[in-house]
Amino acid sequence: MVFRLLRLVLILALVVVSAPSFDAMAQAIGQGSAALIAEQQKAIQDLSAKTDDLEKKMQQDGEDDAGLVDIRLQLEEMSRAALTSALAFRSRLSDINARIEVLGAPPAEGQPPEPEIVASERGALAAEKAEINAVIASAQNLSIRISGLIDKIGAMRSALFRNVLTKHYELSDALSPQVFADAQNEYTGLYRAVSSWLTFAIKFKFQAVLAAALMALALAAVLFVGGRRLFGRIFEADPSVEDPSYLSRLSVAFWSTLLPTLAVGVFLASTVFFFNYYNVLRGDIGVFLNALAAVIAVVFCVNRLTNAALEPRLPNWRLIPVETGPARWLVRLTTAMAVVIGINSFLSVVNDKMGSPLSLTIARSFVATIIVGVILILMALLRPFKAPDGSWRPWPAWLRYTAIALGLFTIAAALFGYIGLSFFVSRQVVVTGTILVTAYIGFLSAREIGEEGGFAGTSIGRWLSATSSYEDAALDQLGLVVSIAINVMIVLVFLPLILLMWGFQPGDIQAWAYKLATGITIGSVTISFLGILTGIVVFIIGYFLTRWFQGWLDGSVMARGKVDTGVRNSIRLAVGYAGVALAALVGVSAAGIDLSNLALVAGALSLGIGFGLQNVVSNFVSGLILLAERPFKVGDWIVAGDISGTVKKISVRATEIETFQRQSVILPNSNLINNAVGNWTHRNKLGRVDIKVGVAYGSDVKQVHAVLLEIARSHALVLKNPEPFVLFTNFGPAALEFEIRVFLADVMNGNIVQNDIRFAVLDAFHSEHIEIPSQPRAVVETKKHEAWPIDDDKIEAEFAEREQALVEAEAEAKRLAKSRRKARKPDPD
Amino acid sequence: MPCEMQQRRWRHRYCKMWKSVVAAIAFLAVGGSAFAASAVNKDAETRTLIVTEGGGKTELALAAGETVEFCPNGCFVTLPNGDLEALTGSETVEISGGVARIK
């Protein structure tokens, strides 16, 4: 009774104490959550306001491709931001859900109502949840709207591109005398702008201009001179070389294009940068300068490339075997084409800024495209090769017809008024052509480096083979790696360049790269190159760390600790396997691969593995036992069944044994565990050698015994303890049989000792007049008539073959003699 | 050139090496599917999620015991109890007893 009362009091006290605290907690959480809701609501409102702005901007900038790409990037960013602000509610939502679950379902009809406090908390939680859901829903609507806008931008951009290519202009309007007047006006305007800027620059900013120009020059000089000093030998054609290899020609062409272009590019970019930095530029001059710099860089690059590939002055170094005259013309024509395209691009910028009439733009592009078309046709009609009979031969047909077709297409498109299309084609011919040719030269040289012996022939390869201990095979493998790296580099550098030329914007490429790195989805499978690469890199690092640790443990710790070689080998192998397994696991998880997926597959396969890989698994386990138990170590002489030889390598599945005939036998480990294995050199190399001797009946056996014992004792390699022993084994059918049993410290010397003792026995018996009987055998003399040779050719061929074999054997013997300076003792068996 | 046609030894070796590299990459690529969010239905009846991804709403019906990968780059999802949640694309949605939990 008292107990029950006490309980009641306790419960009451608990309710009284806990009720206000529950309330306070709920309120506190409610306030925190209200702040969160207000914050995120504001963030989403900001985002949608920004989206409104961007949508307006989209309508205004509908003609500007780069602007559209920029808007798209901003939209994608905002879509991510909307998702993030929706994510902020996750922990609060899960709290609310947990709390509601704790409160349980509301009481049904007819059941006693729940306490007031529970009902109010339930209501508050539901209201808060509804509010949060409303905010997330607004974020969701925003994200839907943004992806609609992104799709719209894609449609607008492709329409824009189509429009540029298909727009038709009336040439008769554009090519009137009025154009000349317009051109005159524009020229005057440009002249005025530039001259006023020059006066301003010289009067007020002279020092800054000077400093900027000097700095840019210094930077370019550093790059160029440094590059020349570093790679000078690689990229300068040496006129004294009679017949340079294809690889050196390729690398000269590639590097002598790349490095100077890079230097000029750096010079131009830094000039523009420093002018900007010192505030020298004014008005439109900056835009003009940028355009001019781009034009100069492109023209220079084209000129360098054609010069490098065709080398009009050095016929030996020419990549394409054209004749000298045509080579010169080709260089001139391509440079002229680049100049025309460059001037036209520059003038288009000027036209834009000066607000010139459309007719002028059309006239200018018309002239430029016609010139490019004519140059293309001229190049196609050139006859660059010389036939052996001295006549000139044209380009291969496909090249010739493609060039003529491109030229005719450009001219025809221009004549029919499709100036945009025509100019697009001619620009692509020059710029894309240049990039493609450079990339192709790079690919070719990568392939040459990857060829057998290719890398060893390069200057880096020669340097490596001179200064380090790399062998040819290692150099070849290194060459392969280098060639793969060059290929990857070319793709990474030139693919974006070509895409840029074809009207894609940097933003596009950035978005693609982002997608490629984080994962592209095909069906339900997502491929992430970044993840895969990370996994591979992590694995490689882990692998090398393991190898290093293995080497350190083996070489420093265990060698110093005087650990037995067998134990050392076992520990090294075990550490190696464990390390590689660990690296693989870490790599797999770094690649983001869910190991539980693999576990599923492994579970399904385990039955099949159990049956199919039974032998492999048993060998594997046997290998582990071998490592732990160490019945033999590397270098031991073992006998396993029919196989006798030295152990070369103990791996996890099989053990490699080299017989004394130098045959490598790979013995599965389970054989070595399940069957008896003899080991001649297990604890020590002590071993017994038996030599049988028979003497004729009638000899003095005591004397024989004494002689044999004396011979055995007097040999230097025979151990004194255990003593040599001569056993009188048998009264044989033809002889009295003895056996000399001697113990050797190193059983590997068995053959030497046997030989020595047998010689000594013969000598001693000879001087003591003891006879060794031999069973007479019948001797049958046969006379073989050699068949008269019929096939002289065959005999001759056989003779030559024999000679050849003799020569080869001699060479082999010489080689062996050279490589093995130390005389080896004969094999024990 | 197919590998079988290359007869010189060193080429053959590289060929083998390439094969194993390609195989490893293919394996990794297939295994690399753990980047999307996944949904598991542990109930005995079909449950439906509404997924908003890239401007469109789709209904994702999960049969009993089914696991589905979806939404690799972030999305909004409406859970069976009417809650709206945002996913970054690395979560696991577990439905049991009609209640979805995000892990």
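When Rg and the Kirkwood Rh are both derived from Cα coordinates, the Rg/Rh ratio for chain A amounts to 1.16.
A cut-off under 13 angstrom between Cβ atoms defines the neighbours of A:GLY694, and their net charge, with Lys, Arg +1 and Asp, Glu -1, is -1. Under the rule a/c < 1.5 gives rounded, and otherwise a/b versus b/c splits prolate from oblate, where does the stretch A:532-593 land using the Cα gyration tensor? Cα axes put the stretch A:532-593 in the prolate bin. Against chain A, whose longest principal axis is taken from its Cα atoms, helix A:358-381 shows a tilt of about 30°.
For the stretch A:266-318 versus the stretch A:167-231, the inter-centroid distance based on Cα atoms is 12 Å.
Helix A:529-552 axis versus longest C-alpha principal axis of chain A: approximately 30°, rounded to the nearest ten.
For the stretch A:117-201, the set of trypsin sites (Lys or Arg not before Pro) satisfying both a DSSP loop assignment and a count of at most 15 other C-beta atoms within 10 Å is given as A:LYS167. What's the center-to-center distance, using Cα atoms, between the stretch A:323-370 and the stretch A:629-643 in Å? Here the answer is 82 Å between Cα centres.
In chain A, the longest principal axis of the Cα atoms and the axis of helix A:419-450 are about 20 degrees apart.
In order along the stretch A:51-57, phi translates into HN-Hα couplings of 4, 4, 4, 5, 5, 4, 5 Hz, rounded to whole numbers, per the Karplus curve 6.51 cos²θ - 1.76 cosθ + 1.60 with θ = phi - 60° and x for Gly and Pro. Distances between placed amide hydrogens fall under 5 Å for A:ARG653 paired with no residue 5 or more residues away or on another chain. Near the amide H of A:PHE738, within less than 5 Å, lie the amide hydrogens of A:VAL693, A:GLY694, A:VAL695, A:THR729, all on another chain or at least 5 residues away, with H placed in the peptide plane. Near B:ALA100, the amide H atoms lying under 5 Å from its own belong to B:ASN81; only residues 5 or more places off or on other chains count, and H is placed 1.01 Å from N.
Let me know the Kirkwood hydrodynamic radius for the stretch A:420-467, please, with Cα pairs as the basis and the value in Å to one decimal. Radius from the Kirkwood sum: 13.1 Å.
The simple spin-label model puts a point 7 Å past each Cα toward its Cβ; for A:LEU314 and A:VAL493 those points are separated by 2.0 nm.
Full extension of the segment from A:THR324 to A:TRP398, taken as 0.36 nm per residue of separation minus the current Cα-Cα distance, would add 24.4 nm. Taking a ≥ b ≥ c as the square roots of the Cα gyration tensor eigenvalues, with a/c under 1.5 meaning rounded and otherwise prolate when a/b beats b/c, else oblate, which class fits the stretch B:36-102? Taking the square roots of the gyration eigenvalues as a ≥ b ≥ c, the stretch B:36-102 is prolate.
Taking 7 Å steps out from each Cα toward its Cβ at A:ARG741 and A:ALA181 produces label points 13.0 nm apart.
Applying 1/(1 + (r/R0)^6) with r as the Cβ-Cβ distance of A:ALA581 and A:HIS682 and R0 = 30 angstrom yields a FRET efficiency of 0.45. Label-to-label distance for A:VAL807 and A:ASN674 is 5.2 nm, based on points extended 7 Å past Cα in the beta-carbon direction. Working note: Karplus 6.51/-1.76/1.60 with θ = phi - 60° gives the stretch A:152-157 the couplings 5, 4, x, 5, 4, 5 Hz, where Gly and Pro are set to x.
Segment A:ALA764..A:ALA159, full-extension length gain: 206.7 nm, with 0.36 nm per residue of separation and the alpha-carbon distance subtracted.
Would you mind calculating the gained length between A:ARG777 and A:ALA38 on full extension (0.36 nm times residue separation, minus the Cα-Cα distance), in nm to one decimal? Mind showing how you got there, number by number?
Values: separation 739, 0.36 × 739 = 266.04 nm, distance 11.75 nm.
Extra length available between A:ARG777 and A:ALA38 comes to 254.3 nm.
Evaluating 6.51 cos²θ - 1.76 cosθ + 1.60 at θ = phi - 60° for every residue in the stretch A:201-207, the Karplus couplings come out as 5, 6, 6, 9, 10, 4, 5 Hz, glycine and proline recorded as x.
Every number here is computed from the coordinates shown, using simple stated rules; none is lab data. All values reported here derive from a predicted model rather than from experimental measurement. Neighbour counts run over all protein chains shown; Cβ positions are idealised from the backbone, glycine included.
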